[in-house]
Amino acid sequence: MRAVLVSILALVGCKSTPPAPAHDDAPVVHDAAVDAGPTFTCPGTPTSGSTVGVRKIGAVTGSATLATSPPNDHRLFVLGQQGVIWIFEGEVLRATPFLDISADAGGAVEAGGELGLLGLAFHPQFATNHQFFVFYTRLNPTRPPDVNYLDVVVRYTTSATDPNVADPSSATTILSIPDFASNHNGGMIEFGSDGMLYVGTGDGGSGGDPARNGQNRHALLGKILRLDVDHPSGANAYGIPVDNPYASGVDGAPEVWMYGLRNPWRWSFDRATGDLWIGDVGQSLTEEIDVLFAGQQAGKNLGWSAYEGSTCCQLASDKCQQGGNYQPCDPTGMTAPLDQRTHADNWHAIIGGQVYRGTRFSDLVGWYFYTDNTKHQLVKARLRPDRSLEIVDLPAPVPTGWPTSPAAIHADACGELYLTTTTGAVYAIEAAP
Ligand SMILES: [Ca+2]
């Protein structure tokens, strides 16, 4: 159990109450030509300078677990962990939520600690098919022993009359994974440039990977999964891409893309290269950043729970808190982290981010930004030609307005980065000379 992450990610104030609609929420009729929109443009005059700061643009209720955008869309969607998705437009919070599936709205989201609404990804053709996907945790209605929760991916569409409001009745469950503990739920989802939906799952939780899911390729927990949501097949609401490494189901579950993850809380693709950057939260010794290069991701093993970071659990001082029955440590074929931070240095729950590909700050382009739920150190890193990492800890003390507990760093449609916090604040990451 990662008490630190549980306690810090826990919401203050809990339930949200949607305010009354504002006057600017008049319904808009969907029209393909309108939805495609005018030519999408991002800010065109970049500012030079590499002094990084944060600027608060607003806040939502509860913990803000992610900020993201549909492709070619200037709106910023912010996830409230309790089950509400909000829209900022021109840095102004719309009064009416996009979607409210919090329990107090009659929804299914079970929130608190590491539970809740954790992921949102817009379909690459969202402008015309209006589909988006959420990842959240819910109670398992049948409640068999030790399977209290379900980690679910659900597809929604926007309202037929208003693109700023989702249609709750459109909910279609795509994937539902039984989960035995409240922590380590992963929750990040993104579409790759290949049009496939990637889904990050934690090892199930408790501590020390008691079910040994990390190295079990037949388990859906402790993985990055890859689904074809446009071509459902058989009994599933999704298809299996033929180039998934275990598509046949013989050597692993057909859905599995990568394995050996503990709790990939926040991760993202570099939209320029296709490289996958993962912040995998550690047990009691090591927080890690993993970079999986484009074209070299299928079937990769990140090590947990044979390893924590690059340390063999059998040889670790705390044995990764596994209580015996250790798994063999064989580095063959294992992908080691490119950055490791120790709990001794007060890193306790790494917050993965994204590579900056925006147009506003020229000196940030190509740098990956990440932080930690406890340490609050903002870090930038980029790949050298030899694929090692150049890592720069940004100067302390942290910038004015720095939040107490970061929850996510993620990009909008223009590639600009936003940091969200466990108290609902939304910050733009910016740079100056
Ligand atoms: Ca869990």
Discussion item. Here's a check for you: in the stretch 82-141, which residue that is more than 18 Å from the chain's Cα centre (by Cα) and among the charged types (D, E, K, R) is nearest to residue 157 (Cα to Cα)?
Written reply: 100
Worksheet item: Among the residues of the stretch 190-202, which ones are in contact with a Leu (Cβ under 9 Å, 6 or more places away or on another chain) and either away from the ligand (no atom under 16 Å from the Cβ) or without any contact (Cβ under 8 Å) to a residue 60 or more places away in the chain (or both)?
Response: 190, 191, 192, 196, 197, 198
Worksheet item: Does the stretch 307-320 include one or more residues that are closer than 30 Å to residue 42 by Cβ and modelled with pLDDT of 95 or more?
Response: no
Discussion item. Would you confirm whether or not the stretch 285-292 contains a residue that is hydroxyl-bearing (Ser, Thr, Tyr), in a loop (DSSP other than H, G, I, E, B) and away from the ligand (no atom under 16 Å from the Cβ)?
Written reply: no
Practice prompt. Would you please name the residue that is farthest from the ligand (Cβ to nearest atom), looking only at residues in the stretch 217-230 that are free of Cβ contacts under 8 Å to residues at least 40 places away in the same chain and farther than 14 Å from residue 244 by Cα?
Written response: 230
Discussion item. So in the stretch 87-120, with the set limited to residues that are within 16 Å of the ligand (Cβ to nearest atom) and part of a strand (DSSP E or B), which one is farthest from residue 192 (Cα to Cα)?
Written reply: 112
Discussion item. Take the residues in the stretch 282-298 that are farther than 18 Å from residue 204 by Cα and more than 20 Å from the chain's Cα centre (by Cα); name whichever of them is surrounded by the most Cβ atoms within 10 Å (Cβ to Cβ).
Written reply: 285
Practice prompt. Just one of (1) in a loop (DSSP other than H, G, I, E, B); (2) loosely packed, with under 14 Cβ neighbours inside 10 Å trips up residue 377, so point out which.
Written response: (2)
Worksheet item: Of the residues 175, 197, 225, which single one is buried (at least 17 other Cβ atoms within 10 Å of the Cβ) and closer than 30 Å to residue 328 by Cα?
Response: 225
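This table checks each residue for (1) part of a loop (DSSP other than H, G, I, E, B); (2) of a type outside the set (A, V, I, L, M, F, W, C).
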| residue | (1), (2) |
| --- | --- |
| 194 | yes, yes |
| 203 | yes, yes |
| 219 | yes, no |
| 224 | no, no |
| 232 | yes, yes |
| 236 | yes, yes |
Worksheet, complete the sentence: When the stretch 126-182 is checked residue by residue, the ones that are in a loop (DSSP other than H, G, I, E, B), within 23 Å of residue 227 (Cα to Cα) and more than 16 Å from the ligand (Cβ to nearest atom) are 130
Worksheet item: Is it true that residue 260 is on the phi > 0 side of the Ramachandran plot, of a type outside the set (Phe, Trp, Tyr) and surrounded by fewer than 20 Cβ atoms within 10 Å (Cβ to Cβ)?
Response: no
Worksheet entry | Of all residues in the stretch 125-162 being more than 30 Å from residue 206 (Cβ to Cβ) and in contact with a Lys or Arg (Cβ under 9 Å, 6 or more places away or on another chain), the one that is surrounded by the most Cβ atoms within 10 Å (Cβ to Cβ) | 132
Item to complete: Identify, from the list 268, 284, 310, the residue that is of a type in the set (Gly, Ala, Ser), closer than 20 Å to residue 183 by Cβ and touching a strand residue (DSSP E or B) at 6+ places or on another chain (Cβ under 9 Å).
Response: 284
Worksheet item: With respect to the numbered conditions (1) under 18 Å from residue 109 (Cβ atoms); (2) of a type in the set (Ser, Thr, Tyr); (3) in contact with a Pro (Cβ under 6 Å, 6 or more places away or on another chain), which one is the sole condition not fulfilled by residue 161?
Response: (1)
Worksheet item: How many residues are touching a Pro at 6+ places or on another chain (Cβ under 7 Å) and crowded, with 18+ Cβ neighbours inside 10 Å if we restrict to the stretch 228-246?
Response: 5
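The values are calculated or read from the model by the stated rules, or taken from the named source; none is laboratory data. Quantities reported herein were computed from a predicted structural model and do not represent experimental measurements. Every residue, glycine as well, gets a Cβ built from its backbone with ideal geometry; the counts of neighbours run over all protein chains shown.
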